[in-house]
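Encoded as structure tokens, the structure appears first; notes follow it.
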Amino acid sequence: MKSKYYLIIGILALTLFLVINIPAALVINKFKNQIPQINIQNVSGTLWQGSAQQVTVQSRYVFKNVSWSICIAHLLIAEACVELDTMYNKNPLSGQISIGLNKIVQSKNITTTMSAQALSQMVTLPMGEVAGDVSINLATLDWQQGSIPSVSGIINWDKASITIAETAQLGDITITLSESEDNPINAQISNQNGQLAIVGSAALKTTGNYSLDLTLTPNNKATSNLKNSLSLFAKPQGSGSFIIKNNGNLKQLGFM
């Protein structure tokens, strides 16, 4: 019985040794034709811990200076998992990404920072001219092809401003993301400082339907021009606040 036990341990140890030391380029070149959506260039290191000068996904998303390491614990539950550090659009991006037999992509501790202007160009939302710095810290992000991703985490938009008819200094905005059974994405929105106090929420359903409910309250820093500009797209209230309510579907915005 002991000899059988030692034989199994030996085989596992040999397999682990081979996996740790196999060159990453050898494996990637073997399977690159089976995954034409992904192009990996200038690979070095091992499958266990390596790097690539550039990874292009679907000819659109270009990641540079990619380095990775395999998550050992996930191998025990038949999941492919890597810890990644890379640059996307000249912005640092890091986190853990795994995929199991159910083909659900699970990400943890995804962090990146970028300018608000760069983010607006990526998502192409009709927000006017924006400024400030955005830091994204996603605790979890789960996604399956053809479905809405579920997300939890925090987005901070520091020194935020939006210019439409008038520039609004919005201070530091915090967006807290969570998921629920009905909505894969819920957002609580608030700010500090700035010319407006912002309080509100947003939600996205699995069907792609979204809702937005914001209350904007100008303070003594707000100019009369800014207040007049708010009335162009928000409903004025007797209290001096302005309310934005919007409902729709992501298809209307070109995201589905």
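Rule-based calculations on the coordinates, nothing more; no lab input. Here the structure is a predicted model, which means the values were calculated and not measured. Heads up, the Cβs are rebuilt from the backbone with ideal geometry, glycines too, and the neighbour counts pull from every protein chain shown.
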Nearest 20 debye, what's the magnitude of the dipole of region 104-256 about its Cα centre given +1 on Lys and Arg Cβ and -1 on Asp and Glu Cβ? 300
On a full-extension model of 0.36 nm per residue, what is the gain between residue 57 and residue 213, subtracting their alpha-carbon distance, rounded to one decimal in nm? 52.7 nm
In whole Hz, what ³J(HN,Hα) sequence does region 215-226 give by Karplus (6.51, -1.76, 1.60; θ = phi - 60°), x for Gly and Pro? 10, 10, 10, x, 10, 5, 7, 6, 7, 5, 4, 5
Relative contact order for region 104-256 using alpha-carbon pairs under 8 Å, separation at least 6, rounded to a whole percent? 15
Taking θ = phi - 60°, what integer Hz values does the Karplus form 6.51 cos²θ - 1.76 cosθ + 1.60 yield along region 187-203, in sequence order, with x for Gly and Pro? 9, 10, 10, 8, 8, 9, 6, x, 8, 10, 8, 10, 9, x, 8, 9, 8
Determine ³J(HN,Hα), in whole Hz, for all residues of region 50-65 in sequence, where each value follows from phi through the Karplus function 6.51 cos²θ - 1.76 cosθ + 1.60 and θ = phi - 60°; x replaces Gly and Pro. x, 8, 9, 5, 7, 10, 10, 10, 6, 6, 10, 9, 10, 10, 10, 6
Could you list 83, 181, 129 in order of exposure, starting from the residue whose Cβ has the fewest other Cβ atoms within 10 Å? 181, 129, 83
Fewest-first ordering of 223, 140 by Cβ atoms within 10 Å yields 223, 140
Length gained when the stretch residue 180-residue 41 is fully extended (0.36 nm per residue, less Cα-Cα span): 46.1 nm
Between residue 80 and residue 223, what is 0.36 nm times their sequence separation minus the Cα-Cα distance? Round to one decimal in nm. 46.0 nm
The simple spin-label model distance between residue 231 and residue 154, using points 7 Å out along Cα→Cβ, in nm, is 3.8
Answer check: region 104-256, Cα atoms, Kirkwood Rh, Rg/Rh ratio of 0.97
